[in-house]
Amino acid sequence: MIKVKRINLIRDYIFEHQTVSFDELVNVFNVSKNTIRRDIQLLVESGDIKKVYGGVAVNHSTLVSFTDRITRNQQQKVIIAQSAAQYVEDGDIIFIDSGTTTLEMFEFLKTKELTIITNNLDFIINSLPFENLNVISTGGMLERKTKSFAVLKKMDLLMAYNINKAFMASTGISITNGVTNSSPLENEIKQTVVERSSEVYLLVDHFKFDKSAVMTYCTLDKIDYLITDTLPDETYQEFAKSNGIHLVAANELAL
């Protein structure tokens, strides 16, 4: 097994199980304990994993809180959200993902007649005074750091609705690792929404390009509209063109 691939699989395994022993990793990946220790050291240095007695565990302190994230790059988030909201029409059934940029869409959607499915707690609260917004919560366990609902045991609710447009968030994107997310608890919801939606809109600022988080919830070619603040480099422009992705630079539209 190629080293980089093995390390990524080890990281995914740890995030799935939260805490694992060194012996378990040795058995699962069929390598020596020395190899596992070297691989783990690289993951520890990246900040994703921490050592515990006899093994390793997910380092939850690296998951930046929603409150901290919402203050970052605020102007870019608003411009991206405004651009994304222009694709929403009265009567649409849309999904709003948990994320600080997708939350900014609320101000540009609150007067429309919409059905909104969301796991975004703040979006639900903001919608309370607006009877024109038919809001459906995904439910599930509350993830306080991201102010979202996560870990649905059954995806029946999401499978029951024909979502016209999904507006998704991401911790980082790359051509190699696709669209990634820092919270393993939210990953299955994001995967299901992408599969169920007629059109998928990804909202990311330019700081998130060529960045990767813990888990990939879809490959980049699954995105229909990539909405960012500044046009990315030619590599992404060519990828978008080759894969039929509409690349939208919100800063240029705002000029």
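The values are calculated or read from the model by the stated rules, or taken from the named source; none is laboratory data. Computed from a predicted structure; not experimentally measured. With ideal geometry, Cβ positions are generated from the backbone for all residues, glycine too; neighbour counts draw on all protein chains shown. Heavy atoms of the whole protein, side chains included, go into the accessibility calculation; ligands, DNA and RNA do not. Shrake-Rupley method; radii C 1.70, N 1.55, O 1.52, S 1.80 Å.
Structure above, values below:
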item: Rounded to whole Hz, the Karplus (6.51, -1.76, 1.60) HN-Hα couplings of segment 118-135, x for glycine and proline; result: 8, 10, 8, 4, 5, 5, 4, 5, 4, 7, 3, x, 10, 5, 6, 9, 8, 9
item: Estimated dipole of the chain in Debye, rounded to 20 [Cβ of Lys and Arg +1, of Asp and Glu -1, Cα centre]; result: 1080 debye
item: Proximal aspartates and glutamates relative to residue 33, as straight alpha-carbon distance under 16 Å, when same-chain residues fewer than 8 apart are discounted; result: 23, 24
item: For the chain, alpha-carbon Rg relative to the globular expectation (2.2 N^0.38 Å, N residues); result: 1.06
item: Selection from 84, 28, 138 lying farthest towards where the dipole of the chain points positive, charges on Cβ; result: 28
item: Heavy-atom accessible area order for 26, 200, largest first, 1.4 Å probe; result: 26, 200
item: Listed residues 11, 37 arranged by accessible area, highest first, probe 1.4 Å; result: 37, 11
item: Amide hydrogen neighbours beyond the local backbone of residue 215, cut-off 5 Å, H modeled; result: 181
item: Sulfur and carbon atoms: percent of accessible area, the chain [1.4 Å]; result: 50 percent
item: Residue-normalised accessible area of the chain, expressed per residue, 1.4 Å probe, Å²; result: 49 Å²
item: Cut-off under 5 Å, modelled amide H: who pairs with residue 135 long-range; result: 116
item: Area projected by the alpha carbon convex hull of segment 112-246, averaged over all directions, nm²; result: 8.4 nm²
item: Accessible surface of residue 198 - all protein chains present, 1.4 Å probe, nearest 10 Å²; result: 90 Å²
item: Mean ellipticity per residue at 222 nm, deg cm²/dmol - from DSSP H runs of n ≥ 4 across the chain, formula -39500 (n - 2.57); result: -10500 deg cm²/dmol
